[in-house]
Amino acid sequence: MPFRKLLQGVTITSFFAVATLTLLGVPTAGAQAGPDASKMPWMNKTLPPDQRADLVLKQMTLDEKIQMVRGAGWGVLRKGSPVPTGSNFGAGFMAGIDRLGIPDINLADSAVGVRMAAYQGRYATLLPSTLGAAASWDTESAFLYGSVIGRELRAQGFNMSIGGGVNITREPRNGRNFEYAGEDPVLAGTMTGNLEKGVFSQHVMNDIKHYAVNDQETGRTVVNVLLDKKALRESDLLAFEIAIGIADPSGVMCSYNLYEGDHTCENDYLLNQVLKKDFKFKGWVLSDWGATHSTVKAALNGLDQDMPGDDNYFSEPLKKAVEDGQIPKARLDDMVHRILRSMFAAGVVDNPPVRSVVDPFKGRDDAQHIAEESIVLLKNADHILPLQVAAAASIALIGSHADVGVLSGGGSAQVDAPGGNAVNPQPGGSKWGVQVYFPSSPLKYVQKKSPQASVQYIDGGDRGAAANLARSSGTAIVFVNQPMREDRDAATLSLPDDQDALVDAVAAANPNTIVVLETGGPVSMPWIDKVKGVVEMWYPGIGGAQALANILFGEVNPSAKLPVTFAKDDAQLPHPVIPGLVAGSSIPNGKHPPFDLDYTEGAEVGYKWFEAQNKQPLFPFGFGLSYTTYAYSGLTVDDAQRKVHFTVRNTGERAGTEIAEIYVALPAAAKESYKRLVAWQRVKLAAGESKDVTLTIDPLYLSVFDTAKDGWQLLPGEYKVMAGASSSDTALHGTLHIQP
Ligand code: BGC
């Protein structure tokens with residue numbers, strides 16, 4: 001190719017940068033030199049993405065189209081698998097069409113930060129778990145969260161994120177709950193949608209996963225979920241519908257499991273009828289890694305791209321099926337169109353990633369801010385918190401490596417820790433199954449906040465020694481954890497490794513005991529009455545220790561509220577034992593015998609289950625304390641506009657932010673024995689201040705899914721409106737009338 005031709009469409013500097021990097025063997029994702037732009041009308045940025053995609057499609061050969069609907073293999077994810085040329089060493093890669101100026105797609109796992117940075121000597125910010133971030137109920141924070149991920153992906157040379165998990169917490173022991181956004185479809189969908197909007201804001205393609213009802217890891221590749229369509233649409237799929245509506249994602253990743261007899265990646269109902277027709281999803285469906293099971297059935301039933309592409313379903317067999325007419329050419333074009341239009345829409349063609357040094361300071365500050373909004377104060381007897389520096393002359397910190405770091409979640413959401421694992425650092429990246437602590441030391445920041453106090457740490461392995469230290473200290477803070485990761489559920493809600501006994505021992509030795517939880521999701525707390533304080537910090541990310549210290553010492557007034565119900569024990573759950581779990585053994589997912597999982601609880605997930613069953617949980621959904629108090633008054637409802645109005649007052653002596661929640665119980669005709677979360681607002685209030693809150697209720701959140709009519713229906717009648725501080729504390733009541 002003549003030099004001049006190569007230069008067209010690229011600036012001289014970027015051309016030389018690309019050329020130099022190519023000479024050095026460094027992949028230049030998304031930054032390939034574009035050939036003759038004058039002959040490529042689709043490079044006209046003013047045209048709509050769909051039109052640009054169609055213009056490209058017209059030029060493409062059958063082989064080129066086939067190339068785009070499959071990945072190029074497991075690459076770095078699997079030892080011995082070749083890494084395709086152009087791969088940026090992420091989880092997935094699709095080769096672009098150079099002659100048409102269509103860049104490669106380099107996909108990176110990035111649920112809570114960018115994965116696999118270590119192997120390339122890169123840095124990635126670990127954000128709080130998305131479940132934790134959902135506890136902020138703050139859509140701006142969610143957007144910020146996504147923009148941190150997008151910014152760092154771009155700097156590392158990636159042009160697509162494959163985070164965006166929005167599977168609701170139907171199974172509280174699910175190993176991946178930490179990378180999702182809680183049990184309520186409206187909260188989870190809203191938070192995840194805004195997060196993915198943040199990713200997209202950085203010209204990085206975004207994703208929503210794992211579609212659908214992939215609610216547990218036990219037997220995830222063989223489990224056949226049974227759940228009637230009405231309940232499905234009103235629970236799991238509603239979270240996807242909302243997230244997809246907000247984020248307008250480039251991709252939706254179908255999951256490993258089956259739904260009603262068909263794998264989700266070849267499920268006509270889920271993919272064609274619901275996702276593409278009802279949700280009007282314009283992007284492409286990519287399979288979870290290895291979740292494609294056929295060629296013709298998958299393609300006809302809605303799968304657009306096989307990932308990572310080793311299975312060969314979408315290579316030669318797909319080409320042959322198109323040539324034979326088993327798959328219409330128009331369907332293949334639709335698959336490719338969806339990918340191309342998403343690339344144009346996100347800007348990865350016009351504005352490809354530019355490699356830069358990730359800003360670790362900005363990332364850490366953002367992570368800390370999100371953590372401060374995510375940490376939930378669950379118990380605060382005798383106002384033990386915030387800690388008074390004078391009163392806490394000696395503080396014992398016990399357990400969970402609180403001297404060196406904070407825990408992170410594992411699996412494909414694992415982020416590599418700067419400097420390596422804070423506990424037993426080893427060179428290289430994180431290893432699957434090894435718990436990784438990030439170097440954000442609670443000990444260091446507690447010490448900083450109370451320079452006059454004697455602050456000591458003990459690991460908790462010896463309960464007697466821990467109790468002795470607690471006994472001789474003014475305050476004892478016990479850190480307990482629940483490590484969670486992909487491909488494995490927690491067998492029970494109980495904390496592992498005898499940590500309950502550790503809390504018991506410490507609480508018996510010191511009446512001023514505070515427990516700090518680092519958990520992937522809800523856990524049971526048999527010691528709850530024996531301790532004065534409980535703080536849930538989830539997996540808090542790289543700014544976690546500073547955020548925690550700010551909360552413990554009152555520099556930040558906690559405002560977060562639980563996005564999941566905390567049951568008292570496993571017996572309270574719809575499935576007291578995880579379906580498919582074989583006691584005492586964890587069968588590797590690939591070897592699990594197939595089984596049906598009948599979600600008999602239907603849409604009664606989380607707080608809805610507890611309310612319908614009249615059970616009292618340990619901590620209800622939407623619950624969280626503050627160092628101040630709030631009062632609610634004056635609820636009025638405007639029927640015509642579906643507006644709810646009320647006043648929140650800060651009745652205490654500190655400024656704070658109250659998350660005011662609105663729930664609605666549907667008319668009797670809906671036959672629902674629970675209320676639904678329909679709206680909320682974070683209300684920032686100075687001490688003594690009052691603010692009026694007006695919220696409009698989205699009719700979708702009030703609707704029932706009518707299976708016979710295959711659509712949503714807003715029933716006429718009286719809706720009971722409740723506003724307050726949590727799902728079990730709704731001080732204000734009113735009525736919304738929906739006319740026939
Ligand atoms: C996970 C996905 C992930 C993919 C690529 C799968 O095992 O379920 O969430 O994106 O691997 O790493």
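What to note about this one:
- Hull volume in cubic angstrom per residue (convex hull over the Cα atoms of the range 287-426): 235 Å³
- Among 413, 440, 394 - extreme Cα towards positive end, dipole of the range 379-474, charges at beta-carbon: 394
- Cα shape, the range 585-715, gyration tensor, a/c 1.5 rule: oblate
- The value of relative contact order for the chain, using C-alpha pairs under 8 Å at least six residues apart, is 13 percent.
- Probe 1.4 Å, all protein chains present, accessible-area order of 78, 654, largest first: 78, 654
- Counting DSSP beta bridges with both ends in the chain, the antiparallel % (nearest 5): 60 percent
- When you count the other C-beta atoms within 10 angstrom of each residue and take the mean per peptide, 591-603, 659-671 line up highest first as 659-671, 591-603.
- Size of the range 240-351: Rg and Dmax of its alpha carbons, in Å, are 13.6, 42.
- Ranked by solvent-accessible area (1.4 Å probe, protein heavy atoms only, all chains present), the residues 718, 689, 518 order from largest to smallest as 718, 689, 518.
- All Cα pairs of the range 32-107, percent lying beyond 18 Å: 47 percent
- Cα point-scatterer Debye curve for the chain, base-10 log of I(q)/I(0) at q = 0.06, 0.10 Å⁻¹: -0.36, -0.99
- Pairs from 229/320; 643/684; 45/229; 615/709; 280/561; 561/591 whose Cα-Cα separation, in the structure shown, is over 30 Å: 229/320; 45/229; 615/709; 280/561; 561/591
- Relative to the current alpha-carbon distance between residue 615 and residue 452, full extension at 0.36 nm per residue lengthens the span by 54.1 nm.
- Dipole-positive endmost among 129, 157, 190 within the range 91-218 (Cβ charges, Cα centre): 157
- Per-residue 3J(HN,Hα) values for the range 667-682, derived from phi via the Karplus relation 6.51 cos²θ - 1.76 cosθ + 1.60 with θ = phi - 60°, read x, 3, 4, 6, 6, 10, 9, 8, 9, 10, 6, 10, 6, 7, 8, 7 Hz in sequence order (x marks Gly and Pro).
- Taken over the C-alpha atoms, the range 461-572 has Rg and Dmax values of 14.4, 42 angstrom.
- Normalising the Debye intensity of the range 144-258 to I(0), with uniform scatterers on Cα atoms only, and taking log10 at q = 0.16 Å⁻¹ returns -0.68.
- Remark: C-alpha extents of the range 531-641 on the principal axes read 52, 46, 31 Å, sorted largest to smallest.
- Per residue, the chain exposes 35 Å² of solvent-accessible protein surface, assessed with a 1.4 angstrom probe and all protein chains in place.
- Excluding same-chain neighbours fewer than eight residues apart, the lysines reachable from residue 444 by a Cα-Cα span under 25 Å are 362, 379, 532.
- Shape analysis of the range 85-202 based on the Cα gyration tensor places the equivalent ellipsoid semi-axes at 27, 14, 13 Å, largest first.
- Student exercise, the chain dipole from Lys, Arg, Asp, Glu Cβ charges, in Debye to nearest 20: 1520 debye
- To put it simply, the accessible area of the chain at a 1.4 Å probe is 53 percent carbon and sulfur.
- Computed [θ] at 222 nm, deg cm²/dmol, the chain (DSSP H ≥ 4; -39,500 (n - 2.57); rounded to nearest 500): -7500 deg cm²/dmol
- Packing rank of 224-235, 297-308, where each peptide gets the mean count of other beta carbons within 10 Å, highest leading: 297-308, 224-235
- Taking 12 Å as the straight-line reach from the Cα of residue 431, the aspartates and glutamates in range (excluding those fewer than 8 positions away in the same chain) are 416.
- Descending principal axes extents, the range 355-469, alpha-carbon based, whole Å: 50, 32, 27
- The accessible area of residue 151, taken with all protein chains in place and a 1.4 Å probe, comes to roughly 60 Å².
- Cα point-scatterer Debye curve for the range 204-279, base-10 log of I(q)/I(0) at q = 0.16, 0.28 Å⁻¹: -0.53, -1.50
- Ignoring aspartates and glutamates fewer than eight residues from residue 197 along the same chain, the ones with Cα atoms less than 12 angstrom from its Cα are 140, 207, 248.
- Volume of the Cα convex hull of the range 366-409, divided per residue and given in Å³: 137 Å³
The values are calculated or read from the model by the stated rules, or taken from the named source; none is laboratory data. Computed from a predicted model, the values in this text were never measured in an experiment. Counting neighbours? That spans all protein chains shown, and the Cβs are built from the backbone with ideal geometry, glycine included. Heavy atoms of the whole protein, side chains included, go into the accessibility calculation; ligands, DNA and RNA do not. Shrake-Rupley method; radii C 1.70, N 1.55, O 1.52, S 1.80 Å.
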